[in-house]
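Novice: Once you've had a glance at the structure underneath, I'll fire off some questions.
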Amino acid sequence: MNTITMAASPFIDKRLDMGSIATALVEWAAYPVAAWTKDGRILIWNGGMAALTGWDADGLEDENIYSLLCQDDKAAGSMARVTNQVLSGSYPRETDVCMRVQRKDGRDLIVACRPFPLLKNSGGPIGVAAVFQDLDKIGRPIVARALDPSSGVAVDQELGTLVFRIDAGSGRLFFVNNLMSDLLGYSQQELIEDQRLLPSRILPDYDESFGSAVESAVRGVARSVEVGFVHRDGGEVFCVATLYPLKGAGGRVVAVEAVGRDITGRKQAESRLERSLQQLREAYSRLQVQHEDLKSVERLKSQIIANVSHELRTPLVTIRGYNDLMRQGVLGDLTDGQRKGLDISARSIQRLLVLIENLLDYARIERRGLSPLRETFNLVDTVRAATDDIREDAMRKNLSLDVILPVEPMFVRGDAKRMRQVFLNLLDNATKFSQVSGRVTVKCSMTAKNEGCVEVRDEGIGIPESELRRIFDSFYQVDGSTTRSYPGAGIGLAVAKEVVERHNGRIEVESREGKGTSFKVFVPLEQNIEATTTTEPALVIESESP
Ligand code: ADP
């Protein structure tokens, strides 16, 4: 209903026709209804209006609604302006005005007021009739804040929020503000006239949640909900809205009001983020597959290394055995030349065996198959044994080999054979990377923290600082070219580090290019040794100068 046709007010103007307005009053019984003339003279004031404002209809015959409800001239001016717009036909149909009005007891009220032209039977306007809703009652601080106190009147658009209202009884959409109609791309008129339009634009995923939020508000419980719509141009738009029950004077929910804001930008950002996350997830699973592939290639590689090394070691041990027998003359007398030749082969065989041991250990480490650390051994003995192994090479290079060892044993729990291999690797490097006639020092001592410390120091070529981080990587060599001057496979230090760490120890390196290198191995000593060792152990210094 857009207009109320009436000729009289039952309560105030006795000259108006009671019968013709009765219909209108019954229809709006649940709402506060008032009507007034262009200059503000009150024509109709129903019970709902009395309950809303505290002003009874009796005695209002000569009252002016502008001065009765508006606090000041400005607010009264705004209300008069709305009245003029309605009477001149320039006020938009089915549109509410938010107003701040004053009750009889002086208290402020925020109301939504929907004005209609009040027409005579002849068709001429006699005033404005309006239906009021108490917005304060349903908790609308946002409206109160947005109202300009100086103007006293604000329309919903000015609140910066999307607003639409649905009739609680019929489910009819009866109000949509500009922002909401802009969001959907349809005019307010189109949305109101075609009642199927708004529901049909709701994206399927949001249909149910929106429906149940409306139902909940109809039952009197406000709910917030996110809703997605298809815009007129086919794009998707989103809003988050709180659906409030709008109650009539009798406390009955008469309408549901949705107040919300446009969250399309946020949703678009979210979906861009979701797409990126999805791409990341896909990339991650591709990487995982590649990682698995690489791991199986790695496993295959260590399997091959283990098998080949094992096959090489067996005949090599036999060759060494016969070589030793020949060198000892067990298989017949030798000429000096033959003995020299056999000595050279013995050293090469030894070098090959060390390489094979390292390769086997590398393969074991890769398969996490190093044997458990069960035995207790004397660290000093392993250092001495490794030094003995390298002595011949050092002598051939004319190196001074200084060995400083304590007399007292230093017991370590672990694997003596592998530890000896660690020191042999360090000594082998020290010898290899030393210039002819250089010096290699091996020193074994105990730290204040009851650790055994074995230092292997040389005065050789040194390692550039930038390379220090990588020398413990498998197969890494500072000079990795095929034309490099020093032999090796690049796994000695990788194996040494792994073995030392398995002994709960650590390996440290200091080096200066052109000056030399020092490797220090720290391993925890067995507790009982700490108890028996009260003073620094005496030192045995074995110095071998060429
Ligand atoms: P390699 O069998 O090549 O010696 P390692 O794993 O034992 O393999 O050592 C890795 C690399 O670290 C060597 O190739 C070398 O470049 C560098 N390096 C190790 N020890 C020394 C040292 N005492 N002096 C100079 N460079 C060294």
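The values are calculated or read from the model by the stated rules, or taken from the named source; none is laboratory data. Just so you know, these numbers come straight off a predicted model, no measurement behind them. Neighbour counts run over all protein chains shown; Cβ positions are idealised from the backbone, glycine included. Please note that ligands, DNA and RNA were not included when accessible areas were found on the heavy atoms of the full protein model with its side chains. Shrake-Rupley method; radii C 1.70, N 1.55, O 1.52, S 1.80 Å.
Novice: List the lysines whose Cα sits under 29 Å from the Cα of Lys120, skipping any in the same chain fewer than 8 residues away.
Specialist: Correct list for Lys120: Lys14, Lys38.
Novice: Please give the length that would be gained between Glu501 and Asp58 if that part of the chain were fully extended, namely 0.36 nm times their separation in residues minus their C-alpha to C-alpha distance (nm, one decimal).
Specialist: Values: separation 443, 0.36 × 443 = 159.48 nm, distance 9.88 nm.
Full-extension gain reported as 149.6 nm.
Novice: What is the packing order of peptides 113-119, 416-422, taking the mean over residues of other C-beta atoms within 10 Å and listing the highest first?
Specialist: 416-422, 113-119
Novice: Could you report the accessible area of Asp105 in Å², rounded to 10, computed with a 1.4 Å probe on the protein chains as they sit in the structure?
Specialist: Accessible area of Asp105: about 100 Å².
Novice: Could you check the spin-label model distance between Leu468 and Leu334? Points 7 Å from the Cα along Cα→Cβ, value in nm.
Specialist: 4.4 nm
Novice: In sequence order, what are the phi-derived ³J(HN,Hα) couplings for the stretch 206-211 according to the Karplus relation 6.51 cos²θ - 1.76 cosθ + 1.60 with θ = phi - 60°, rounded to whole Hz, with x for glycine and proline?
Specialist: 9, 3, 5, 5, 5, x
Novice: If we sort 491-498, 359-366 on the protection proxy, mean other Cβ atoms within 10 Å, highest first, what's the order? Display every interim value, and only then the final one.
Specialist: Details: 491-498: 22.9, 359-366: 20.2.
Averaged packing, sorted descending, gives the order 491-498, 359-366.
Novice: What FRET efficiency do you get for Arg351 and Val289 if R0 is 51 Å and r is their Cβ-Cβ distance, rounded to the nearest 0.05? Before the final figure, lay out the partial values.
Specialist: Numbers: r = 41 Å, r/R0 = 0.81.
E(calc), rounded to 0.05, equals 0.80.
Novice: Using θ = phi - 60° and the Karplus relation 6.51 cos²θ - 1.76 cosθ + 1.60, list the HN-Hα couplings for the stretch 223-237 in order, rounded to whole Hz, with x at every Gly or Pro.
Specialist: With coefficients 6.51, -1.76 and 1.60, one gets 9, 9, 8, 9, 10, x, 10, 8, 5, 3, 7, x, x, 9, 10 Hz.
Novice: Over the heavy atoms of Lys247, what accessible area does a 1.4 Å probe trace out, to the nearest 10 Å²?
Specialist: 80 Å²
Novice: Once each part is reduced to its C-alpha centroid, what is the distance from the stretch 64-82 to the stretch 267-341 in angstrom?
Specialist: 93 Å
Novice: Solvent-accessible area of Glu510, probe 1.4 Å, all protein chains present, reported in Å² to the nearest ten, please.
Specialist: Taking all protein chains as shown, Glu510 has close to 130 Å².
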